[in-house]
Amino acid sequence: MTLTVAQIDRETDHLVGEWLPLSTVAKKLGLSIGRAKQLIKDKKLVGVRRGGGEPQIPAVFLAGDDVIKGLPGTLTVLADAGYGEVESIRWLFTSDDSLPGAPIDAIVAGRHTEVKRRAQALGF
């Protein structure tokens, strides 16, 4: 299975902070590396290249041994609005005064419905 992931730019990389290699994500989720790659293909997670090596996932996308609630649906909405991996990450991690904070902070706080509603508006 070939997985194509975008190369991250320095500014977006800095917004995220902590990253996890896909192999670590697979272990935390109790999945094979192939199944973890499938999560990226299915837009349940986004992964990007940071230098060389395997795809990297923002660490905040995981809560314990699961993907944070509301993230997969938000990523699907962003993809439907034409956002690529890097654009999705940038949108999720860019502060929005009306939330307040970044959309990813609102998702972590359980306000994923509001974030998804805002993401849906991007497509129009």
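The values are calculated or read from the model by the stated rules, or taken from the named source; none is laboratory data. Note that the coordinates shown come from a computational prediction; the quantities given were computed from them, not determined experimentally. Backbone-built Cβ (ideal geometry, glycine too); neighbour counts: all protein chains shown.
Residues in the range 70-124 that are under 12 Å from the mean Cα position of the chain (by Cα) and either among the hydroxyl-bearing types (S, T, Y) or exposed (fewer than 15 other Cβ atoms within 10 Å of the Cβ) (or both): T74, T76, Y83, G84, S88. K43 passes every criterion in (1) within 12 Å of the chain's Cα centre (by Cα); (2) under 18 Å from T94 (Cβ atoms); (3) not aliphatic (A, V, I, L, M) apart from (2). Scanning the range 16-58 for residues that are surrounded by fewer than 17 Cβ atoms within 10 Å (Cβ to Cβ) and either in contact with a Lys or Arg (Cβ under 8 Å, 6 or more places away or on another chain) or among the hydroxyl-bearing types (S, T, Y) (or both) yields S23, T24, S32.
For the range 2-19, does any single residue satisfy the condition of being of a type in the set (D, E) and farther than 19 Å from V86 by Cβ? Scanning the range 2-19, I find no residue that is of a type in the set (D, E) and farther than 19 Å from V86 by Cβ, so the answer is no.
The lone criterion from (1) outside any loop (DSSP other than H, G, I, E, B); (2) at pLDDT 90 or above; (3) out of contact with any Leu (no Cβ under 6 Å at 6 or more places or on another chain) left unmet by A121 is number (2). Counting only helices (runs of 4 or more DSSP H) wholly contained in the range 1-106, the ones carrying 3 or more residues that are touching a residue at least 60 places away in the same chain (Cβ under 8 Å) and at negative phi occupy 10-16, 85-93.
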